[in-house]
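First up is the structure itself, then whatever we jot down about it.
Just so it is clear, none of the values below were taken in a lab; they were calculated from the coordinates. What you see is a predicted model, and the numbers here were worked out from it, not measured in a lab. Heads up, the Cβs are rebuilt from the backbone with ideal geometry, glycines too, and the neighbour counts pull from every protein chain shown.
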Amino acid sequence: MLPLENYTVVDFSQFLSGPLASLRLADLGARVIKIEKPGTGDICRQLYTSDTVLNGTSTVFHAINRNKESVALDLKNNEDRKTIAKLVEKADVVIHNFRPGVMERLGFDQTSVRAMNPTVVYAEISGYGTDGPWSAKPGQDLLLQSMTGMTWLSGNADQGPIPMGLSIVDMFAGANLCSGILACLYRKVVQHIGAHVQVSMLDSAVDIQFEAVTTYYRDGGKLPERTAISNAHAYLGAPYGIYKTKDGYLALAMGSIPHLGNLLACEELKAFSDGAQAFEQRDAIKSVLTKHLCTQETIYWLAILEAADIWCADVLDWSRLLQHDGFKVLEMIQQVTMGDGFVYDTTRCPIRIDGEVLYSDKGSPKLGEHNQKIINELYG
C-alpha cells in the first residue's frame, strides 16, 4: 500500500510548479483530480518545449500530468461550480498556482474552501508572494532566474548572464510545496486540523542559492566572480569545471593541484603548491588544465584519475547516459498508457519505499476524460 492511498488531491494548477507537486503526491498514492478549463484545459497542454508532440498534446504536459484524472469544469459556470464545491468538500488537499486574487474572485480561496472543508490542506504557489510591488508579475521560470541573481552563476566570466537549461525554479517551488503539504497531512492526522501552505517561486529561487547568498553576506556584499575558463561554481577553486579532451569532455571536482600535476604528468601544475592558489589563481590553473587535458582521450584520463580516487567523470549526453549500465540499473524509465491506449515512455518517481520502486502505468488524461466517472461518484 502506498503512503497516500485514500487521499484525494483537487488540483487547479497549471504549467509546471503546481502540477509537479501534485505529480509527486500521485506517485505516493494520492488520487489527483485536475480541474481544467473546458475547451483548452491546462495551458501546458499546448506549451510546446520542442517540435515533438505526443498524442496531439505537448510532451511536457504528458511528462508531469501522468497518473492523474481530468475533469473539464468552468469555474465561472454556476452548475460546474457546484460540482467543484462538492469535490473540494471531499478533498484532503487543494492546490492552485494562480496569481494572487484570482481564487478570491472565483470563490475558491483558502478562506472559502476551509469554510467548506475545515481540515483541508490548502496549498498555493505564487510567483512573488501575495504582497509587495512584484506580486502581480507573471511567475515564469526564466523571469525568476533572471530577477534573483541565478543567471550570474553559470557560464564563464565573459559570457554575461546565463540561465539554466531547465525550469529549475518551477521544480524547486513544486518540491517545496509538496514538502509543506506532506508535513501538514501528517499534522492533520495527528491533530485533525487543516492548513494553509504557501510557497512563492521567488522564495524558492533564493533558497536554491542558500550557499551563494550566505557567502555573499559573509563577504560583505561581494558579488560572485565566475572564472574565465571552465566555470562550474563561482565559489569553488580550481580544478572545479569541465574540460575538453581529445575526444570529448572531462568533469573535475575538488582536488589538490600538485597531486593532480603528478597524476597527470603535468609539470606546470606542480608549481601551484600553495593551497590558497587553487582559488586565487583559478584561471591560471584552469588554463594549464585546458591545454594539457586536450592531449589525450577522456578514457585515458579517467583510468588515471579514478584509480587515484580523484572526483571526476565523463560528460555524457542523453543517448550515452540512457545506454549506460550505471543508468539502466536505476530503472528510471517506465512505460505508461493513456485512457485511449496511447503508450509512451517517461520517467518514474525517484523515491523508493521499503526497497520498492514506485511505478505507475497510468499516463496523462485527455481533457475531461473523467467527467462522467466523477459526476457519477458525486451525484450517484
- [ ] Read phi for every residue in region 100-116 and hand back ³J(HN,Hα) as whole Hz from Karplus 6.51 cos²θ - 1.76 cosθ + 1.60, θ = phi - 60°, with x for Gly and Pro.
- [x] x, x, 5, 5, 5, 5, 8, x, 10, 6, 5, 5, 5, 5, 6, 5, 6
- [ ] Pick out the long, greasy-scoring helices in the chain: whole DSSP H runs spanning 30 Å or more along their own axis by Cα, mean Kyte-Doolittle at least -0.5.
- [x] 168-191
- [ ] Would you work out which of Phe210, Pro224, Ile193 lies farthest towards the positive end of the dipole of region 177-225, given +1 charges on the beta-carbon of Lys and Arg and -1 on that of Asp and Glu, about the Cα centre?
- [x] Ile193
Task: Packing rank of 249-260, 217-228, 189-200, where each peptide gets the mean count of other beta carbons within 10 Å, highest leading - done: 249-260, 189-200, 217-228
- [ ] Pick out, from Ile310, Ala271, His370, the residue whose Cα sits farthest towards the positive end of the charge dipole of region 238-380, with +1 on the Cβ of Lys and Arg and -1 on the Cβ of Asp and Glu.
- [x] His370
Open item on the list: Tell me which GluC sites (Glu not before Pro) from region 307-380 have a DSSP coil assignment and no more than 16 other beta carbons within 10 Å of their own.
Closed with: Glu331
Task: Anchor Lys373: lysines whose Cα lies under 23 Å away (excluding residues fewer than 8 positions away in-chain) - done: Lys34, Lys37, Lys68, Lys76, Lys82, Lys86, Lys90, Lys362
TODO: List the residues whose amide H sits under 5 Å from the amide H of Ile162, counting only those 5 or more places along or on another chain, with H placed 1.01 Å from N in the peptide plane.
DONE: Trp152, Leu153, Ser154
- [ ] Report, in debye and to the nearest 20, how large the dipole of the chain comes out about its Cα centre when Lys and Arg carry +1 and Asp and Glu carry -1 on their Cβ.
- [x] 840 debye
- [ ] Can you tell me the dipole magnitude for region 241-323 around its Cα centre, using point charges on the Cβ only (Lys, Arg +1; Asp, Glu -1), in Debye to the nearest 20?
- [x] 160 debye
Open item on the list: Taking the beta-carbon count within 10 Å as an exposure proxy, list Asp314, Asp170, Asp141 from fewest neighbours to most.
Closed with: Asp314, Asp141, Asp170
Open item on the list: At 222 nm, what value in deg cm²/dmol follows for the chain if DSSP H runs of at least 4 each add -39500 (n - 2.57) and the sum is divided by all its residues, to the nearest 500?
Closed with: -10500 deg cm²/dmol
TODO: Please report the relative contact order for region 261-380, taking Cα pairs under 8 Å with a sequence separation of at least 6, and give it as a percent rounded to a whole number.
DONE: 13 percent
- [ ] Step through the residues of region 154-159 one at a time and calculate ³J(HN,Hα) from phi using the Karplus curve (6.51 cos²θ - 1.76 cosθ + 1.60, θ = phi - 60°), rounding each to whole Hz and writing x for Gly and Pro.
- [x] 9, x, 7, 4, 8, 9
Open item on the list: Classify region 241-323 from the C-alpha gyration tensor, please: rounded if a/c falls under 1.5, else prolate or oblate depending on whether a/b exceeds b/c.
Closed with: prolate
Open item on the list: Run the simple label-point estimate for Asp131 and Ala228 please: 7 Å along Cα→C-beta, distance reported in nm.
Closed with: 4.7 nm
Task: Options (1) 46, 24, 18; (2) 35, 21, 20; (3) 28, 26, 19 - which one matches semi-axes √(5λ) of the Cα gyration tensor in Å as calculated here - done: (1)
TODO: Provide Asp207, Asp247 in ascending order of the number of other Cβ atoms located within 10 Å of each residue's Cβ, fewest first.
DONE: Asp247, Asp207
